Amino acid sequence: MSAFSYVINTDGIAVLTFDLPGEKVNKLTASVMAELDALLDELAAKKEIKALVFRSGKKESFIAGADIGEIRDIADAGKGERLARHGQATLSKLEALPFPTVAAIHGPCMGGGLELALACTYRVISNDQRTALALPEVRLGIIPGFGGTQRLPRLVGLANAIDMILSGKSVYPKQARKIGLADEVTYRETLLSVALATAKKAIGRPRPARVRTSHPLTNRLIEGSPLTRPLVYRMARKSALKETRGNYPAPLAALESIRYGMAHGKEAGYVNEAKMIGRLAPTEVTKNLISVFYLNETLKRDPHPSHYGISRAGVLGAGVMGGGIAQLLAERGVAVRMKDVSTKAVGAGLKEAWQIFSKRQKKGILTALQARDGFDRITGAADYTGFGTADLAVEAVVEDMNIKKNVLRDFEAVAREDAIFASNTSSLSITEMATASKRPDRVVGMHFFNPVERMPLVEVVRGEKTSDPTVSAIATLSRKLGKLPVVVNDGPGFLVNRILMPYLGEAVAMLEQGAAIEEIDWALLQFGMPMGAFILLDEIGIDIAHKVSEILHQGLGARVRPSGLLGALYRDGYYGRKNGRGFYEYQGGRRVGPDISLARRISAEARGKERIGPEEVVDRAILRMIKEAALCLEDKIVDRPDLLDAALIFGIGFPPFRGGLLKYADMIGSKIIVEKLEGNAKKHGERFEPPRCLVEMAKGGKGFYA
Amino acid sequence: MKDIVIIEGFRTPYAKAGTVLKDVPAVDLGAAVVKEVIMRTGVDPLAIDEVIVGNAGMPAEAANIARVIALRAGLSERIPAYSVQRNCASGMQAAASAYAQIIAGMNEIVLVGGVESMSNYSFQMTKRLQNAITAFRRSKTFGAGLKAVVSLRPRDLLPVVGLLEGLTDPISGLIMGLTAEVLVRDFGIARREQDEFALESHRRWTRAFEAGKFKNEVIPLYVPPKFEPLEKDVGPRKDETMEALEKLKPYFDRKNGTVTAGNSSPVTDGAAAALIMSADRARELGYKPLGYIKAVAFAAFDPSRMGITPLYATHKVLKLAGMKMTDIELIELNEAFAAQVIAVERAAVSREYFAEHLPGEEPIGEFRRDIMNVNGGAIAVGHPVGSSGLRIVLTLLKEMERRGLTVGLATMCVGGGQGGAMIVERR
């Protein structure tokens, strides 16, 4: 079946519709591109065509991009380069048609889809919320390969193009018009008629001159001059290096592709762009990023969509977490009643939610009206009034089993029979908590990660008696909230904290051995972690970390015994950022540098003696994680290595370019992992003792994935 | 006739205008208290048939403030809403309209409110400035534009204060305080009487507050950006003294007057809301109502003597209810001005007054101070005009509940020479 069809109207305007059969969205697969190529020859020969409108046959999207599966399968540079060259040639053909072309865009217009639109003479887009234009290739480790790095800067200017291509972020209708990416913005209902009118007007007219947008004069001056242009590149390069720490080659490659094309002309630029695709596509980083993309897709898809409607929720506990959860629910249309013990505490929770709304408004994610309406959905109470109509309560009170049980009982006393009680505990047993419930099947864990606004993961924790519909309801809700749920079984620390705590514990152990805070954090940042272990400990709160590690120690035994230093700091009132005393020093809420007074706490003989190199830092911290992850699989906390990897990537930001913790472990190989664990066990004790499951895996020459 | 019940109602803390609520628009005050009524009654929001909100100032940004409040409070867009304006009795009018609509069979469950943000009354421009701007915009030549600009005099640039405009009766040309001075002259009311009345209002409010009486009446308000809970009225003075009151200069008639800022109600921000339905529906839903609306009446008289009107309204509502003043066990008479309350008290027992103004009618009888405004009144707590009419009904019912009483009267004067009165019962 053909993906393209066209009709020619009485004005001589051809309307070309792209509708990939059997797919929900349009993708530019190799065969689609070949079909388009042939079709363009046919259209070019038709004398009666005076203009052309290109549109999507899908209702809610334009083109999702290239076929990611095809990119994943690129095994060598030659194949990647050829794929890009073919695509470029087809789009150049589109650009060279003997009549004007108009892309009519509604819904997502991504990657290759936008590159196709860039090859058209004009772009008319709908002002719908779903309409977004982006070149997100760098997020998959590659660069736009169908001429995007060449056409975009010529259309919207260097600064805008660099911003779009290096970040991969979406541009929405208003901004698209502003930077000149869109020629017209209209309603989705009038999209086709406006596109036809634009085409009709363009008949016989010369191509519009580029750049003809409204960007600031200063930008044009700086970009226009060959003297100052290198400055633009240098600044972009610097900020890209700072953000990627050299772990992600794609943004720099994209920048180079832009620079080369601007310096040597479009044609040379295409050739160079395709070469870079060839170089980037087969790399490990690209394969890993693509696998993370698929993980994301897997978690987004709902295997058991729940029909339990959640339109009213209670949030118990108005702290930072409670405020964040309330904000998230309210933004997505759920009416929230937030409760705490005093009106003062309630006020603090409302303030937290309000600040997140304001921040998101400032960032342009929400309009002023959306932010206001969202916040309007939250009310506060110092009692249980208003909880009788709630479909769900999310509990975010202090991490104390007795208090949580009391809150659960109090809620059930006023709640509807079928209301769900979800605990946001980070480590307390859901099964144990549910013993306080009259309806333990409706008790479940819903563990958000801090900050709620940014971390995509939700651990949905199934207690022994939690029912399947309850789990589905929370998983479906999490997706509705824009989060990625991973269902895990109950156990100390569930999945993510159980693996995270040994990692953080090892960092503290290295500190006790005499290594410096900033050296440890630097090594972990270089490895790709989003923040250093000690910064993270300060953010989580040393009190919380201490409590969680005690719980893990009780539940899992000596291998996760927390270090003495953590407990000592906790007892001395070091709680991390929240009270301004942690591993780092804080001045006016800003982190200034490691707290040097901590050195006093480290035994004199150790102090400064032992230097632990960055590789060893990473090895020790990550090995502890791998060991615990193996045990999580053995204990059936989750049953699939990819879910475990996804949880760590989306929950604590385990570096996506490494594909996941267990992917990384497999890359090293189980045999070497076991050897390294044994070596460290000799030096540092049983916490590194390789577990039997790993030893057997190594013996069988197997990995976690295969 | 159907029985109509008030299920429950609350108000925000009242705050003197220009203080803690000065940046909170009337809509936000209304939405906050409407949300609390829904939450605390547990009413199914979809069961509400109509929203009626009383408001005197009618903000320009929310022309039909009831609709805006309903939607901001999260009520379904399928629920209609309208606003009512009877100046100071707007909040009482909302309840009266709900009462009438339910009796007429138009609705069964109505959410009513009374809101006012007197801090947010707008400043307007003078007519001359407005004309000049229009002329300037339309001017085609530089000269014409210039002419429009130079036609202005400095005083044309001063703002027209909406609050003062609103508080001035357009028929008699008197600002409200001066209508109180008319009553002072009519009835020969001494300054000292007024000040003593005002002092008692503050004392009664203080006693009630300290006894925790407002806890089931006032909801906490969380005001951005700090969100510290506001749980107490801002205005009543615990340590008010006669000396301090006596020192104040007459505010409206500086030379001959007796009405001061101390013996008048302050301009105030605040909102109240309540859930009203037919008694049958309340029974079906399992509610125990706060009280029944027995009768409600509005009456009118000379705009320059607007403060006396509670007399006329009470006279009318007693007739409607088939009751006598002696049947009333507890009274809320809104304290716009001490002088005006005293005038009502005197006229109520005056044969001469009735003979002259209500010929053929007997004096209605005493407004007993020991059962009137027992928790203080608007002189202490403030008078956000569109809200007070609903507040006094709620305050009355909650005190009747505490005292185990069955019949109460809420009455008030209304700018423009009207009066409102409602008789409520607890069964």
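Summary table below
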| quantity | calculated |
| --- | --- |
| P(r) weight above 16 Å for the range A:554-646, C-alpha pairs, percent | 72 |
| Pairwise centroid distance, computed over Cα atoms, of the range A:223-245 with the range A:332-378, Å | 38 |
| Around A:Pro251: net Lys/Arg minus Asp/Glu count, Cβ-Cβ under 13 Å | +3 |
| Rounded, prolate or oblate (a/c below 1.5 giving rounded, otherwise prolate when a/b exceeds b/c) for the range A:162-289 by Cα gyration tensor | prolate |
| Compactness index (Cα Rg / 2.2 N^0.38 Å), the range A:443-565 | 1.18 |
| DSSP-assigned coil residues among trypsin sites (Lys or Arg not before Pro) in the range A:223-261, each with at most 14 further Cβ atoms within 10 Å | A:Arg245 |
| Over the range B:69-187, volume per residue of the alpha carbon convex hull, in Å³ | 212 |
| Violating pairs (Cα-Cα greater than 18 angstrom) within the set A:Lys238/A:Lys266; A:Lys174/A:Lys362; B:Lys232/B:Lys288; B:Lys294/B:Lys324 | A:Lys238/A:Lys266; B:Lys232/B:Lys288 |
| Base-10 log of normalised Debye intensity for the protein assembly as shown (one unit scatterer per alpha-carbon) at q = 0.05, 0.10 Å⁻¹ | -0.48, -1.23 |
| Cα-based convex hull volume of the range A:593-705 per residue, rounded to whole Å³ | 140 |
| Average beta carbon contacts from partner chains per residue of A:376-386, 10 Å cutoff | 5 |
| Chain A, dipole about Cα centre (Lys/Arg Cβ +1, Asp/Glu Cβ -1), debye to the nearest 20 | 1980 |
| Trypsin sites (Lys or Arg not before Pro) lying in DSSP loop within the range B:19-59, provided at most 16 other Cβ fall within 10 Å | B:Lys22 |
| Cut-off under 5 Å, modelled amide H: who pairs with B:Phe367 long-range | none |
| Volume per residue that the Cα convex hull of the range B:171-317 spans, once the total is divided by residue count, Å³ | 194 |
| Helix-only CD estimate at 222 nm, as mean residue ellipticity for chain B, using -39500 (n - 2.57) per DSSP H run (n ≥ 4) | -11500 deg cm²/dmol |
| 0 to 90° range, to nearest 10: angle between helix A:641-652 axis and chain A longest Cα axis | 90 |
| Exposure proxy ranking, count of Cβ atoms within 10 Å, fewest first, for A:Tyr384, A:Tyr584, B:Tyr14 | A:Tyr384, A:Tyr584, B:Tyr14 |
| Amide hydrogen neighbours beyond the local backbone of B:His383, cut-off 5 Å, H modeled | B:Thr268 |
| Two-site label geometry, A:Ala38 and A:Ala568: point separation in nm, points 7 Å out along Cα→Cβ | 7.6 |
| Alpha-carbon centroid distance for the pair the range B:98-133 / the range B:1-22, whole angstrom | 15 |
| Reachable lysines, given that their alpha-carbon falls under 16 Å from the alpha-carbon of B:Lys226 and they are not under 8 places away in the same chain | A:Lys344, A:Lys351, A:Lys359, B:Lys22 |
| Estimated Rh, the range A:1-145: Kirkwood, alpha-carbon pairs, angstrom | 15.5 |
| Relative contact order %, the range A:213-280, counting alpha carbon pairs below 8 Å whose residues are six or more apart | 19 |
| Mean separation of Cα contacts under 8 Å (6+ apart) over length of chain B, as relative contact order % | 27 |
| Relative contact order of chain A, pairs being alpha-carbon contacts under 8 Å that are 6 or more residues apart, as % | 9 |
| Between the range A:642-706 and the range A:26-46, the Cα center-to-center distance that results, in Å | 47 |
| In the range B:330-386, the trypsin sites (Lys or Arg not before Pro) that fall in loop regions by DSSP, at most 16 other Cβ within 10 Å | B:Arg368 |
| Among the listed pairs A:Lys24/A:Lys200; A:Lys24/A:Lys363; B:Lys127/B:Lys147; A:Lys59/A:Lys287; A:Lys27/A:Lys300, those beyond 22 Å (Cα-Cα) | A:Lys24/A:Lys200; A:Lys24/A:Lys363; A:Lys59/A:Lys287 |
| Directionally averaged projected area (convex hull, Cα atoms, the range B:1-72), nm² | 6.2 |
| Distance-filtered residues of the range B:260-297 - backbone nitrogen under 19 Å, label point 7 angstrom along B:Lys247 Cα→Cβ | B:260-264 |
| Footprinting exposure proxy for A:His304, B:His383, A:His546, B:His357 (fewest neighbouring C-beta atoms within 10 Å first) | A:His304, B:His357, A:His546, B:His383 |
| More than 20 angstrom apart: percent of Cα pairs within the range B:22-138 | 46 |
| Largest-first principal axis extents, alpha carbons of chain B, Å | 75, 54, 44 |
| Residues B:Tyr353, B:Tyr222, A:Tyr705 arranged by fewest to most Cβ contacts within 10 Å | A:Tyr705, B:Tyr353, B:Tyr222 |
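Read-outs: derived from the displayed coordinates by stated rules, not from any lab. These numbers were taken from a predicted model, which means no experiment stands behind them. So basically every Cβ, Gly included, is an ideal-geometry build from the backbone, and we count neighbours across all protein chains shown.
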